[in-house]
1. Between 297, 352, which is part of a helix (DSSP H, G or I), buried (at least 18 other Cβ atoms within 10 Å of the Cβ) and in contact (Cβ under 8 Å) with a residue 24 or more places away in the chain?
2. Test of understanding: among 220, 279, 247, which residue is at pLDDT 95 or above, more than 20 Å from residue 307 (Cα to Cα) and exposed (fewer than 14 other Cβ atoms within 10 Å of the Cβ)?
3. From the list 67, 5, exactly one residue is modelled with pLDDT of 55 or more and part of a helix (DSSP H, G or I). Which is it?
4. Return yes when residue 117 is at pLDDT below 75, farther than 26 Å from residue 349 by Cα and either surrounded by fewer than 15 Cβ atoms within 10 Å (Cβ to Cβ) or within 20 Å of the chain's Cα centre (by Cα) (or both) and no when it is not.
5. Confirm whether residue 203 is surrounded by 13 or more Cβ atoms within 10 Å (Cβ to Cβ), out of contact with any strand residue (DSSP E or B) (no Cβ under 6 Å at 6 or more places or on another chain) and within 20 Å of residue 303 (Cα to Cα).
6. Within region 77-91, is there a residue that is over 32 Å from the mean Cα position of the chain (by Cα) and part of a loop (DSSP other than H, G, I, E, B)?
7. Based on what the data block shows, is residue 315 farther than 20 Å from residue 46 by Cα and in contact with a strand residue (DSSP E or B) (Cβ under 9 Å, 6 or more places away or on another chain)?
8. Which ones in region 355-379 are at pLDDT 85 or above and in a loop (DSSP other than H, G, I, E, B)?
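The values are calculated or read from the model by the stated rules, or taken from the named source; none is laboratory data. These figures come from a predicted structure and were not determined experimentally. Note that we place each Cβ from the backbone using ideal geometry, even for glycine, and neighbour counts take in every protein chain shown.
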């Protein structure tokens, strides 16, 4: 059933792609008037306003605003001026250079669908003039891939009684997918964190003392650091007003945990609004998303967007140097790099994953439309697993997937937990990747052969991998509708 749904979804997507190609060409014709109705509607919705509320604030009738959003009336200079007074920055309405940072995801999606012929000009036109259609295409492609993953998971279960049922849509996966659908970028939290960083007079790499004082002065919360702390990185005793932190955390890592607690104390309404917007209404997903959102704010406060992006670009994304400058760990920098997609000031489109030795993925975030398959196991040829054998070293790899896309990856082992002889610690490997065409922006690509023909073929795991000539294959691939073996 799922395989049939996946096939139907693929056919629909290909038809939609052809329609979009035609629409993009029409939008590119001479004398075609630029239309901003869909952008205005999206901007209004992002501010949580109804048509009637925005019309009243602008001094317009609801019907007149409705006609503007339907492109039946022009967006006059007078209305534009009033929009700036009501909504603040409205540059995204008129930005013709990839206003919603959709060009790269659209390109990757069309390549994956076997439609590489759409030009970048057409993609920019689509992203700029028809952002809702662009989002619909990306969402449909994600749904199609999810159906394929579910079909594969069911085939695994039916084909091998000894294989346990995979967790198809666990609450954690749903929360992670919500972040990834947003490009792993939450402008409300990033803007708030950057404002608070300036308001509080914080200094890069030295935020812990000021945050400790702030928690005590404003909220009566004492921060206690325990030398013999366990694996729990933060525990808040609301009754005693004490935030407990383990002593093995460095000052920047302590600041991260304080910032995460601070946003829950001072901006609980914003966190609740973001959770409601995501549509989460059950206790487990609410709790997980609250953790994710508070940690996002913490990373944005300790590594404020503008300063962090400047430092990343100037150092060519040197992760260890950034970790030293901002006083945090290697993994925290990798995670932050995957969130840099502010409109008008984006960073490198990054994929970020964390795995253990058994191949279990505990973190997966992407600021672009890279797909993390949730079934099929791990690929022994992927550089991330070699990182366990060479602790402390940053390893690199040029790799290609069965769909033809090529990426540049770097990986390193990381550990956390109590320090000392005989102390058990958590050990993972983290990996950061980007499309191969962006690799030269990374310091780690220096001296590396970036030619496409040098790429190592990797896949999602033998059961679901389409490479037919892999020397490392352990099991035959399961049959799949529409599969292409290269």
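1. Going through 297, 352 in turn, just one is part of a helix (DSSP H, G or I), buried (at least 18 other Cβ atoms within 10 Å of the Cβ) and in contact (Cβ under 8 Å) with a residue 24 or more places away in the chain: 297.
2. Answer to the selection: 220.
3. Exactly one residue qualifies, and that residue is 67.
4. Against the criterion (at pLDDT below 75, farther than 26 Å from residue 349 by Cα and either surrounded by fewer than 15 Cβ atoms within 10 Å (Cβ to Cβ) or within 20 Å of the chain's Cα centre (by Cα) (or both)), residue 117 does not qualify.
5. The answer is no for residue 203.
6. There is no residue in region 77-91 that is over 32 Å from the mean Cα position of the chain (by Cα) and part of a loop (DSSP other than H, G, I, E, B).
7. Answer is no for this residue.
8. 356, 357
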